[in-house]
Amino acid sequence: MLRTRPPNPIAAPVIEIALPVPIDSLFSYAVPAALADAAQPGCRALVPFGPRRIAGLIVARSESAAALPHEGGLREIERVLDATPVVSPGMIRLLVEAAHDVYCPVGLALACATPSGSAPRAVPGLALTKRGREAAQRGAAVPAARPILAWLARAPRPQRAVERRFPGERALLRDLLRDGLVERQAVETNAGARAPVLRMARVADGTDFAAALVGPLGRAKKQAALLARLAAEGPQPVAALGGASESLRQLVARGLVVVFDQALETGARANQALADGEAAPPEPTAEQQAALAAISEAIRARRADRFLLHGVTGSGKTEVYLRAIAETLAIGRQALVLVPEITLTHQLVARLTARFGTRVAVLHSQLRPGERIAEWRSLLGGHTRIAVGARSALFAPQGDLGLIVMDEEHEPAYKNEEGFRYHARDLAARRAAESGCPLVLGSATPALETRYAAERGELRRLSLPHRIGGRPLPAVEIVDLGVERALLPRGRRLVLSRVLHAALAETLADGGQAILFLNRRGFSTRIFCFDCGHAERCQHCEISLVYHAGDHKLRCHYCQYEIDPPETCSKCGAPDTALLGLGTERLEEDVRRRFPNARIARLDRDTAARRGETERVLAALAAGTIDILIGTQMVAKGHHFPGVRVVGVVAADQSLHFPDFRAAERTFQLLTQVAGRAGRGAAPGRVVIQTFNPNHCAIRPVREHDYEAFYRAELAQRATAAYPPLGRLVHVLVSGPDEAETLAVAERLAEHARNAAGAVGEAPSLAFELLGPGPSPIARLRDRFRFQLLLKGSDEKRVLDAGRALAEIAHGRESAGVRIQVDANPVNML
C-alpha cells in the first residue's frame, strides 16, 4: 500500500488518514495544537483535499514530526468529527488487510466501517460578501433580494437549500453573484441523515403539581387534565396526546411541561408483533446437542474456530444459532448474525426478540438513513448486544464479539460487487480471528469452496442430516416439460403441467398452502416478431426488454429504460408480434384464472419495492391468509411456513444456461432450497420440478436430496479446468463508450497480465491460463461496451500476482472514459 511522504520536518503531530478516493494510499496531514488531543486513530476528520474538503478516517498518528518530512509543510486537518474513536484498531487492521487482498484502495474499504450520512460533508454553497452584509444591514438591495440576503446573513447556506427556499429566483441569484453581493463557498452540512426521534412531553422537573392545579390552572381544565395525565402516566409521545396541542403549548409556556426528542427504537420494534408469545424453546435433538457442544466450547474458550453447520432444510439450524447466541450472551459478549436476503431478517429478528427479550439491531440497505445511523450508534454505545443484517452488518461496531453466524453461507448475495469487492465469508473469518470468537457457517447446500475447505480440515463440519421431529424430507417429482408439451394442442402455452396443477388443486382442497417459484419477474421476457424474428431490445444495453403488465411498459431490468409496447414490429413494421417467455406477473395471471377462489399473492423485486410489503406478505402467509404465494428467489430460502405443503418450480432450467462455471451449482442449490420450504408442518410435503433437462447433473440429485452426490460430481468437473475451489480465478472487466478503444485497452491489459505472470509464449495449462479478451455475456450495459479477461489456474500466486499488476493499472485510471474493474474473487460472471 502506498503512502504519501512529504521532505522537510514539521513541528506538529502528524496523522495518516484514509480518504474515500480511488487512490491506494494513506494521506499525511498536520494536526493543529487545538486538535492535538482529539485527533486519535479511529476518529474521523475533515480535511482539505485539492479544492475539496473530505471526511476521512484517522488510521495512524505520529508524535515524531521528523519521521514525516515535507517540502513546504503539510496541510492541516480542519476538524475532528468524533469525540471518541468510532472504528476500533482491530477493524482498521482487518479492513486494511482485506483491501490489499481484493485489490481495493484502502480508503474505499475503510469508508465501509461507518454508515453513509453519519459525518458532515462539504457541498457547494452561497455566502454574503462584505458588500452583501452591508447591503443586508442597510436594506439597500432591491426588495425581491432582501429575504435572500437576510437569510444568508444568518449563515452561509448550501446552494440547493437556497434554491428550495426561494424557488423561481435563480435569475436573481445570478444577479447577486454578478454584483458581488453573494459569493460561492463550500458549506459544511450536518450529517446527511439523522437518527429518527420521537417528540415526547413530560412534567418539568420541580413542578408542584398540587399548587399548579389551584393556581395558574385553576380555570384551565383542559391544561389541568393534560398535566394530570402526564404526572400519572409519565412521558408521552406528543402525537399520542391527540387534540391537546394548544393545551400542551400553554403548559410549556408556563414552564410546567417540557417537550424533548427521544431516540426512536428501530430494528426489532417492527417485528415485535411476530415475537409476542413464542412457545417454549424446543428440546434439542441429539444431533443439535452435538453441534452445539462443539460451538459452545469454542465460545467459552474464545477461540476463532470455524464451523460448517451442514443441515438439511428443516433440521433446526436456527435453533442451534439461538442456543449458541444464548451461550455468548451468558459470558457477557455480543453476537452478530448475517443473512443473505433482507427478507430473511424479519422472522429471525422476531425469534431473537422473543427468545432473549432484548433489543436487536437490524442493519441492511433498505433501512432509512436515519434508522441505519440509530442502529449503528446503539451498537457503538454498547446498548445492543445482538446485530442482525445482510453482508454490510459485518462492519457493525461491536467491541466484544463472541460469535458470528452466517446463515445460508452459499448465497451469492454475500459478495459485494462494487467498490470494496469483499466476500462476507472471507471478511467474517477475518473478523472472527480478530475478535477471538467462533464463526458458524450454516447451509443445507454449502458452497463448494466451503465444503472443500471442510474436507481439507480448514474448518469443522457439523452435520444435521435429519429434519426435526422425524419429519420426512418432501417427496420430489421431476416433470419432463418436453413430454408435457408434446401432449398439448398446437399453439397452447405450457405454464403449469398436469402434475403441478393437480398438486395445487389437491392441497387447496385440503386447506393447505403452496409456493410457486419462478426466478424471473415481469409478465413476459420479450416481445417477438413472427415475420422477422426481431425482439424489442434496450437502446442502452445488449438485453431484451421485459414486458410489465401492471403499468403496460417494456422495461430493461439493468438500466430501467422503458417504452410503451409498440403496436407493430419496430424493425419490419409487421403487426404479428407476441409476448414470449414467462415472468411472475404472467404466472400470477394464469394461476388466478385456474384457481379463481384461491387467495394469491406475489413477492418479487417489483412488489417488494413498496415499503413494508415484504413483511406484510410473509406475515399473511404465516397466518394462513394466503393460499398460493408466487415469487422469485426471495421466497426460496430460509423461511419457515408450516402450512406450506406443495412447492412448484415452474422453470428449473433458467439458471442452467448462464455463461458461468457455477451455473450448475447455483441451480442445484436453488432447487434444493425452494424444495425445503415444503412439508415443515404435520402434513408431508410435495415438490414438483418442471424442466426440459430431467437428467441434468444439477437436477437429478435434487430428487433424492443428495448433496454429496452433486458435490463429488461437480468437484470432479471443476478439476478438469482448475476452477475454484481447485484453482484461483481473477475476473477483469473493461468498459467504455467506444467499442474499439475499449477492446484495445483490454488487449493491452491481456499482454500486461502475460508479462506479469511470466506466461509470454507459454502454452495455456492448468497452472495458469488467460482467457480473452472477449465480449462480456452482457456485451453492452448503460451505453458502455464491455470486454472481459479471465485469469485462472492452480498456481495461486501467479494468478493473483497477474491480477494485482492489472489492479495497479486500474486504480484511478480512466482513459477515454474506459474503466477497468479487477475482481480477485468473482461470483457474478455477467
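Some notes on this structure:
- Taking all protein chains together and rolling a 1.4 Å probe, Val702 ends up with roughly 0 Å² accessible.
- Cα-projected label distance for Ala716 with Ala186, points at 7 Å along beta-carbon direction, nm: 6.3
- Those aspartates and glutamates that a straight Cα-Cα span of less than 15 Å connects to Lys415, excepting residues fewer than 8 apart in one chain: Asp101, Glu341, Asp407, Asp426, Glu449, Asp823
- Sequence of Lys637, Lys553 when ordered by accessible area, the most exposed leading, probe 1.4 angstrom: Lys553, Lys637
- Rolling a 1.4 angstrom probe over the stretch 640-762 with all protein chains present gives an accessible area of which 54% lies on carbon and sulfur atoms.
- Relative contact order (percent, whole number), the chain, Cα cutoff 8 Å, 6+ residue spacing: 9
- Only DSSP H runs of four or more residues enter the estimate; each adds -39500 (n - 2.57), and after division by the residues of the chain the mean residue ellipticity at 222 nm equals -9500 deg cm²/dmol.
- Long hydrophobic helices in the chain: the complete DSSP H runs spanning 24 Å or more by Cα along their own axis with mean Kyte-Doolittle hydropathy of at least -1.0 are 739-757.
- Spin-label pair Val142-Glu796: with each label point 7 Å from Cα along the Cα-Cβ axis, the two points sit 7.1 nm from one another.
- Using the Cβ of Ala12 as centre and a radius below 15 Å, the other residues enclosed give a net charge of -3, where K and R count +1 and D and E count -1.
- Normalised by residue number, the volume inside the convex hull of the Cα atoms of the chain is 247 Å³ per residue.
- Carbon and sulfur %, accessible surface of the stretch 295-417 computed with the full protein complex present, 1.4 Å: 47
- Cβ crowding within 10 Å averaged over residues, with 348-357, 497-506 ranked highest first: 348-357, 497-506
- In this structure, the amide hydrogen of Ala60, modeled 1.01 Å from its nitrogen in the peptide plane, lies closer than 5 angstrom to those of Glu16, counting only residues at least 5 positions away or on a different chain.
- Heavy-atom accessible area per residue - the chain, 1.4 Å, Å²: 44
- Nearest-0.05 FRET efficiency for Ala475 and Arg594, computed from C-beta distance (R0 22 Å): 0.45
- For the pair Val214 and Gln366 in one chain, pulling the backbone fully straight at 0.36 nm per residue adds 49.5 nm over the alpha carbon distance.
- All C-alpha pair distances within the stretch 720-771, sorted into 5 Å bins from zero, spread as 5, 17, 24, 20, 18, 10, 6, 1 percent across the bins.
- Net charge, Ala127 excluded, C-beta distance under 13 Å - Lys, Arg +1, Asp, Glu -1: +4
- Computed from label points 7 Å out along Cα-Cβ, the spacing between Asp101 and Arg804 is 1.4 nm.
The values are calculated or read from the model by the stated rules, or taken from the named source; none is laboratory data. The shown structure was predicted, so the numbers you read here are calculated from the model rather than taken from an experiment. Methodologically, a virtual Cβ is constructed for each residue, glycine included, from the backbone with ideal geometry; neighbour enumeration extends over all protein chains shown. Heavy atoms of the whole protein, side chains included, go into the accessibility calculation; ligands, DNA and RNA do not. Shrake-Rupley method; radii C 1.70, N 1.55, O 1.52, S 1.80 Å.
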